[in-house]
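A quick write-up on the structure given underneath.
The values are calculated or read from the model by the stated rules, or taken from the named source; none is laboratory data. Just so you know, these numbers come straight off a predicted model, no measurement behind them. Neighbour counts run over all protein chains shown; Cβ positions are idealised from the backbone, glycine included. Quick note on the areas: whole protein, heavy atoms, side chains included, nothing else; ligands and nucleic acids left out. Shrake-Rupley method; radii C 1.70, N 1.55, O 1.52, S 1.80 Å.
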Amino acid sequence: MEHKEGQTMGLRARITAWITGVFVVMALFFFTFVHHQVRAVYVGALDSALLSWGEQMVQGQGKALFDTSAAKTGAIHRFSDAPHLSMGFLMEGPGSLAGWDRFGRVTEKIAEGLAAHVSLLVEANRTGHPVYRTVDLNGGTFRVMALPPLDPGGAGTLGVAPVTDHPLGTEGIAARFAVAAVLLFLVVLAGGYLYAWFLTRPIEVLRDVSEKIAEGNLDEGVEFTGSSELVSLSHSINRMRRAISEKIRESEIQNQKVVEKGKELESSNRELERAIFTANQMAAEAEIRSYELEHEVVQRRQAEEALRSSEEKYRAIVENMKEGYCEVDRDGYVTFVNAAMCEISGYPPVELVGMHRGQFIAEECREQVLSAFSELIEGSEEMAEFDYPIIRKDGGGRHIGVSVSLIRNASGERVGYRTIVRDVEARKRYEEELIYMAYHDPLTGLKNRKGFYERLESDITRAKRYGGQVGLLYVDMDRFKEVNDTLGHEAGDKVLQEITRRFLENLRQSDCIARIGGDEFAVVLDSAGVCDVDAVIRKVAEILAKPYKVGNKVIDYVSGSVGVALFPEDAVTASDLIRYADSAMYAVKRNRKGQECECSDEGRRA
């Protein structure tokens, strides 16, 4: 408290000293100006008196003390040669001739000094006008005037008058001015202190309120009346206090959203863990089934050896198998199939027998599967198991799992192989669905956060290796919560699906679009260096700002805030790029809210 009072007293003292100093300088300037003007008026009046006196002397009586001819020869004339030379004082008036004669003694003393200024007569004669000069004669200051002669060739007149330090009637003016200056100084000092007190008192109030705001106390404001700058400043502080309160509330809302999103992520992780557990169970069951199948193959091999002598019984067993059965010669042509194999492939027996094995293998893996069969025929292995897709006769696809074993002739040569075929389409579809659920959003069908993050890391890795640019857009839907609160979550889901449709229709197929939160989306721009990122941002903002129609309701208040980050300009890792784009998006959101409350703030990139 004592420190604050000391600061306030120091401020008042400085303001008072400044105001007093300004007024003192003004007083000194005024004194100098008045003194100069008084002296100028005094000298002007003295010149006028000398001129009047000289004209009277010339027209009335006497003769010139110095004539032009004497001035040219440099002869010195004494006062006794010119008894009419006199002088007078301005403030005593011109006086009579007798009054002028009483100064003769003084004039006689300065006569010799006047001889040094006889050139004034020459100059006055030359110009035809009076000439004036201030000179020092016999230890005093005098004003000398030279008049030209009345007639050509006549004598000029030289007049002189002393210049006093204090003209008559002004002797005490300095003392009076000093007293007035002291009184003025005291008045200015008191007035300056009062003005400083009235000026610093509102500043103290503003300082106290500012310190309370800095300490987190936003309940108290400040109010001044009037139209001064301090009133405007108090209004600005109150607006700042309210803006800080709004920001704190917004921060609390955002923190709540983060907590809710964390809970959603935790729930998604639990679901993913359950899905992985289920997949592991299925894998374990598949391994058990594979072991069982392997055991069955062994058993069937033993059965084939036992039933080799009875072909009809063997064929009956094969025909009644639930799994498909197929025999293929060394060149890859089908030699025998059972009914289950025909059902799996969609071909009748007459078409399937004699068909090359590679004809109904899916083209994308045909070379790989045929190579696996060739390795079994040419290698040292007796059996193998693998899965691959086939193309049915109707054009549909299906996944099968095969257990392959060699067929040898009586001499032990490898003449072909037999395959036990299982339809694994349901299991394969279920595995693909699990993988799809792990990487995609169930509502919109877009990639989820995990799929988005892996795609972003993949694009960054490719850009680092081959050079290029990766763009990341972070989109947050503004006022989307109002849709859920007023129209229900079903309407909110339809709006999200409409947003997804607009993204897919307006962005490139090579771009990755993901839903990473409740109302947050992300777009990974493939090869961002070859596209106009700013144009993409504007396009995204435009399509998101268009009204949405849900049933008979038109929603025109939902829009999007877009933040952008570029690799490698803004960040070189996926996490840093996400954080940079997220910060840019929230900067855009804050800037938009600042404009709604007539405040301006600069966001990073939008």
How many percent of the accessible area of segment 425-575 is carbon or sulfur, using a 1.4 Å probe? 50
For segment 334-486, what's the relative contact order in percent, using C-alpha pairs closer than 8 Å and at least 6 residues apart? 13
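Per residue, how much accessible area does segment 240-393 show when a 1.4 Å probe rolls over the protein heavy atoms, in square angstrom?
Here the residues of segment 240-393 average 65 Å² of exposed surface.
Contour minus end-to-end for V554 and R592, with contour as 0.36 nm per residue of separation and end-to-end as the Cα-Cα distance?
Roughly 11.4 nm would be gained on extension.
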E413 versus S575, label points 7 Å from Cα toward the beta carbon: distance in nm? 6.5
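In debye, nearest 20: dipole of segment 461-528 around its Cα centre with unit charges on the Cβ of K, R (+) and D, E (-)?
For segment 461-528, the charge dipole is close to 540 debye.
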Per the rule of 0.36 nm per residue minus the C-alpha distance, extending M383 to A27 adds in nm 116.3 nm
For segment 262-400, what does the equivalent ellipsoid look like in terms of its semi-axes, each the square root of 5 times an eigenvalue of the Cα gyration tensor, given largest first in whole Å? 34, 21, 16
Going by average Cβ density within 10 Å per residue, which order do the peptides 250-260, 360-370, 335-345 take, highest to lowest? 335-345, 360-370, 250-260
Between R479 and R330, what is the spin-label point distance in nm, taking each point 7 Å from the Cα along the Cα→C-beta axis? 7.9
Protection proxy (average C-beta count within 10 Å per residue), highest first, orders 423-435, 515-527, 448-460 as 515-527, 448-460, 423-435
Among K257/K546; K261/K539; K263/K464; K261/K553; K428/K481, the pairs whose Cα-Cα distance exceeds 32 Å are K263/K464; K428/K481
Could you tell me the convex hull volume per residue, in Å³, taken over the Cα atoms of segment 465-543? 88
Taking R0 as 35 Å, what's the FRET efficiency between E433 and V298 from their Cβ-Cβ distance, rounded to 0.05? 0.55
